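What follows is a set of notes on a single structure, which appears directly below.
The values are calculated or read from the model by the stated rules, or taken from the named source; none is laboratory data. Note that the structure is a prediction, hence the values are computed from the model and not measured. Glycine gets a Cβ as well: all are built from the backbone with ideal geometry, and neighbour counts include every protein chain shown. Keep in mind that these areas ignore ligands, DNA and RNA; they rest on the heavy atoms of the full protein, side chains included. Shrake-Rupley method; radii C 1.70, N 1.55, O 1.52, S 1.80 Å.
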Amino acid sequence: MTESMALPSGSESLVALQQADVTQTEIFEWILSEPVFASSLYVNIALAGLSLLFFVFMTRGLEDSRAKLIAVSVLLVPTVSVSSYTGLASGLTISVLEMPAGHAAEGASVMMGGESYDGVVTVWGRYLTWALSTPAILLALGLLAGADGTSIFTAITFDIAMCVTGLAAALTTSSHLLRWFWYFISCACFVVVLYIILTQWPKAAEAAGTADIFNTLKLLTVVMWLGYPIVWALGVEGIAVLPVGVTSWAYSALDIVAKYIFAFLLLRYVVSNESVVSGSIMPSGTGAPADD
Ligand code: RET
């Protein structure tokens, strides 16, 4: 008979109390006491907010519906970012998770609010909110390239699958092997996204007359996005050679280029080349059927 089974009824809650999870307040205060980690979040809240205001100002004069759709899609990126980083800074989307046997951080503990908690700080909110921000980036990029609806849909759905399986990898505490299996599934989805960006959309952009800007943004996107799985593998989630603050700053730095610099370059092009990107808001290949 195990110890808990031997307890008289009602004592279970006492056990639960002794093993209580870390509270949001403790996480919030812990973040404030860690300057490297805290700055990786607060700097991004400020940058996302300022970018959002600047981008709204930049795009205020757009008239064409397709140009406006690209702009709205890009504006979603800093909007999601403000919310995402606020969720992290408040402790809402950060947890202390015990890593499974075999993981480099197995048996680790962290001090919060004067108490020691078993586990490592897992910043899982990032993976969740990427499932909203990265589709917006891909929609803008696909529309800029004049890509067909099927390839935009494929890129976006595999991208969401990549983020959700990445989240699963970070949250799995039962098995070290399964964490990496989730990681592998996520990478496989990423390959589909990369394939579309690198082989399908450049042809479409050529035909649409947006090849120059598309190729710049394609390069920026592919290089920056490749950094994310590398940071995951090296960071606390993976082999844990990077401490939590450095991992967080690595993601935050990638975000700054992959989101705000990307968005600025794209919007600057759309604003000064509205007639080139103009047209139906439906991606090509999804238009009305031909007359009989
Ligand atoms: C994870 C871990 C699992 C394997 C792979 C990943 C890829 C993540 C990427 C994220 C891009 C995020 C961006 C966010 C902007 O808001 C989930 C890290 C492949 C590519 C651009």
Looking at (1) away from the ligand (no atom under 11 Å from the Cβ); (2) open to solvent by less than 20 Å² (accessible area, probe 1.4 Å), which one does Phe153 not meet, given that it meets all the others?
(2)
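Within the range 53-69, can one find any residue that is farther than 30 Å from Ala240 by Cβ and β-branched (Val, Ile, Thr)? It would help to see each step written out before you state the result.
Going through the range 53-69, the residues farther than 30 Å from Ala240 by Cβ turn out to be 53-69.
Filter once more, so that each one left must be β-branched (Val, Ile, Thr): 56, 59.
Yes, some residue in the range 53-69 is farther than 30 Å from Ala240 by Cβ and β-branched (Val, Ile, Thr).
In the range 165-186, what residues are open to solvent by 40 Å² or more (accessible area, probe 1.4 Å), among the hydrophobic types (A, V, I, L, M, F, W, C) and near the ligand (Cβ under 9 Å from one of its atoms)? Step through it out loud before you land on a result.
Of all residues in the range 165-186, those open to solvent by 40 Å² or more (accessible area, probe 1.4 Å) come to 171, 173-174, 176-178, 180-185.
Then keep just the ones that are among the hydrophobic types (A, V, I, L, M, F, W, C); that gives 171, 177-178, 180-182, 184-185.
Once the filter is applied, which keeps residues that are open to solvent by 40 Å² or more (accessible area, probe 1.4 Å), among the hydrophobic types (A, V, I, L, M, F, W, C) and near the ligand (Cβ under 9 Å from one of its atoms), the range 165-186 yields Trp182, Phe184, Ile185.
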Among all residue pairs at least 6 apart or on different chains, which show Cβ distances below 8 Å where the first residue, located in the range 86-103, is within 24 Å of Asn44 (Cα to Cα) and the second is part of a loop (DSSP other than H, G, I, E, B) and among the aliphatic types (A, V, I, L, M)?
Leu88/Ile94; Leu88/Val123; Thr93/Val123; Ile94/Val123; Ser95/Val22; Val96/Val22
Mind checking which residues of the range 104-126 are open to solvent by less than 10 Å² (accessible area, probe 1.4 Å), outside any strand (DSSP E or B) and away from the ligand (no atom under 16 Å from the Cβ)?
Gly119
Step by step: first the residues of the range 270-279, then only those that are open to solvent by 40 Å² or more (accessible area, probe 1.4 Å) and part of a helix (DSSP H, G or I), then the one that is nearest to Ala147 (Cα to Cα). Which residue is that?
Val276
Within the range 164-217, the residues that are hydroxyl-bearing (Ser, Thr, Tyr) and in a helix (DSSP H, G or I) are Thr165, Tyr183, Ser186, Tyr195, Thr199, Thr216
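Which ranges mark the helices (runs of 4 or more DSSP H) fully within the range 15-103 that have 1 or more residues being out of contact with any Ser or Thr (no Cβ under 7 Å at 6 or more places or on another chain), open to solvent by less than 40 Å² (accessible area, probe 1.4 Å) and over 16 Å from Val123 (Cβ atoms)?
Working: elements: 24-33, 35-58, 65-89.
Helices (runs of 4 or more DSSP H) meeting the threshold: 35-58, 65-89.
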Among the residues of the range 139-176, which ones are more than 30 Å from Val270 (Cβ to Cβ) and touching a residue at least 24 places away in the same chain (Cβ under 8 Å)?
Thr165, Leu167, Ala169, Ala170, Leu171, Thr172, Thr173, Ser174, Ser175, His176
